[in-house]
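Rule-based calculations on the coordinates, nothing more; no lab input. On a predicted model such as this, the values are computed, not experimentally measured, just so you know. All Cβ positions, glycine included, derive from the backbone under ideal geometry; neighbour counts span all protein chains shown.
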Amino acid sequence: MQIDGENLGLEMLEKVIKKEEKVTISGEAKERVIRSRNSLMKLIAPGAPIYGVNTGFGSLLNTKIDRDDSQKLQLNLIRSHSSGFGKPLSEEKVRAIMLVRANSLSRGYSGVSLELIEKILEVLNRGLDPFVPEFGSVGASGDLAPLAHLCLAIIGEGEMIEKNERKPSLEVMKSKGVDPYILKEKEAISFINGTSAITGIGAVEVIRAKQDIAMASASFSMAFESLRGTRKAFTPWALSTRKQFGQSLIGAKLYSVFSESPRVVEQDKLKIQDAYSLRCTPQVYGAVYDTISYVESVLVSEMNSTTDNPLINDDEYISCGNFHGEPVAFACDFLAIALTDLGNSI
């Protein structure tokens with residue numbers, strides 16, 4: 001499977017997190033990354049101040065950093081921000097984060113080297129599991145803490161999970177024949193100043209949410225038959241009079257299933273209507289389905305976006321706020337509301 005910064009979707013992501021696919025970067029994306037890196041180096045050469053590259057961070061943005069210290073600046077940024085705590089994120093979520101970060105950086109607006117992206121993919125493809133704690137930064141300035149822990153592991157100073165134990169990443173990498181990465185100019189700030197952690201975690205949860213709505217529908221079908229429900233409220237033309245896609249979709253699927261049950265079909269002749277809890281299932285499950293679909297659209301857009309800072313485009317660099325997690329945070333809160341209601345209705 002190839003990433004190109006433009007076409008990563010949930011189906012592709014699911015295959016990668018389940019280790020069914022190896023990942024490479026497309027030739028077109030490689031060219032963009034190399035071009036972006038060359039542009040950055042041209043901008044650095046005359047000493048133009050670029051935030052986080054040859055300046056300090058935050059209130060130290062006007063403090064100039066000598067060229068000889070530029071790589072040390074990146075290394076210290078990762079060390080200082082590896083301040084998360086708690087249990088490790090699941091391997092699936094960490095793999096999702098790595099894939100999303102590599103895809104985002106491959107769009108060619110970050111100024112990182114091709115080698116950094118290839119190293120992320122090497123760690124992913126070799127099945128290494130960097131330790132990333134579940135608690136850290138809150139997304140306002142990007143996923144600083146979780147992405148810093150991920151980067152710390154890749155440069156050989158963090159930890160990896162191996163056989164359910166936390167081990168020094170350098171030890172694990174050496175045992176697998178993987179060299180630790182050496183950060184270059186701008187690569188630390190590009191690595192951590194983005195939304196790949198919340199986006200990767202959110203994508204895993206959307207995959208699970210799709211499974212949840214399918215299982216809930218199957219469970220409801222069995223309960224409906226045992227309660228001798230009638231299909232009347234699931235009649236396709238009746239549901240389509242309300243212009244809600246999920247409602248019509250869920251209702252049509254349930255109607256089709258019920259039509260295979262003589263026990264249910266018989267009730268069409270005997271009952272006027274069912275109890276509210278049975279009759280309104282397409283409306284409730286349909287709303288959940290529509291919410292999942294909406295959240296998926298937000299996350300897929302974010303997975304294929306450039307979310308770090310500053311951005312490089314040819315000979316221009318811009319400091320902006322693409323790293324802010326609000327679009328994904330709102331969507332994930334919406335998903336949590338819908339899944340809570342789904343749980344209450346089962």
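Out of every Cα pair in the chain, what percent are spaced more than 28 Å from each other? Present the calculation step by step, with values, prior to reporting the outcome.
Numbers: 29442 of 59685 pairs.
So the portion of pairs separated by more than 28 Å is 49 percent.
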query: Taking the alpha-carbon centroid of each part, what is the distance from the stretch 19-73 to the stretch 304-319 in angstrom?
result: 10 Å
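Just order 189-198, 167-176, 214-223 by mean Cβ neighbour count inside 10 Å, highest at the front, would you? Don't skip to the answer; put the middle values down first.
Working: 189-198: 28.8, 167-176: 16.6, 214-223: 14.7.
The densest-packed peptide leads the list: 189-198, 167-176, 214-223.
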message: Going 7 Å from the Cα of E31 along its beta-carbon direction, which residues of the stretch 308-346 have the amide nitrogen within less than 16 Å of the resulting point?
response: 314
query: Which far-off residues, 5 or more places away or on another chain, put their amide H under 5 Å from the one on T55, with H placed in the peptide plane?
result: I50, I65
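How big is the antiparallel share of DSSP beta bridges in the chain, given as a percent to the nearest 5?
Numbers: 12 of 15 bridges.
Percentage antiparallel, nearest 5: 80.
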- prompt: When only DSSP loop residues count, what GluC sites (Glu not before Pro) in the stretch 200-274 have their Cβ near at most 16 other Cβ atoms within 10 Å?
  reply: E260
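Once you have the Cα-Cα distance between K87 and K72, take 0.36 nm times their residue separation minus that, and quote the gain in nm to one decimal. Write out the running numbers ahead of the final one.
On the way: separation 15, 0.36 × 15 = 5.40 nm, distance 2.93 nm.
In short, 2.5 nm is gained.
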- prompt: Pick from K30, K271, K18: which residue has the top mean-square fluctuation in a GNM of the chain where Cα pairs under 10 Å get a spring?
  reply: K271
query: Where does each of I250, I182 land when they are ranked from fewest to most other beta-carbon atoms within 10 angstrom?
result: I182, I250
task: For K176 and E326, calculate 0.36 nm times their separation in residues minus their Cα-Cα distance, and state this gained length in nm to one decimal.
output: 50.2 nm
Under 15 Å, Cβ to Cβ, from S82 - net charge with Lys/Arg +1 and Asp/Glu -1: -2
query: Span-like helices, the chain: DSSP H, alpha-carbon axial extent 24 Å or more, mean Kyte-Doolittle 0.5 or greater, which ones?
result: 196-226, 326-345
task: Classify the stretch 89-178 as rounded, prolate or oblate, taking a ≥ b ≥ c as the square roots of the eigenvalues of its Cα gyration tensor: rounded when a/c is under 1.5, otherwise prolate if a/b is larger than b/c and oblate if not.
output: oblate
- line: Among K119/K163; K22/K186; K19/K176; K15/K210; K30/K72, the pairs whose Cα-Cα distance exceeds 19 Å are K119/K163; K22/K186; K30/K72
- prompt: Tell me, how many Å apart are the Cα centres for the stretch 122-176 and for the stretch 216-252?
  reply: 45 Å
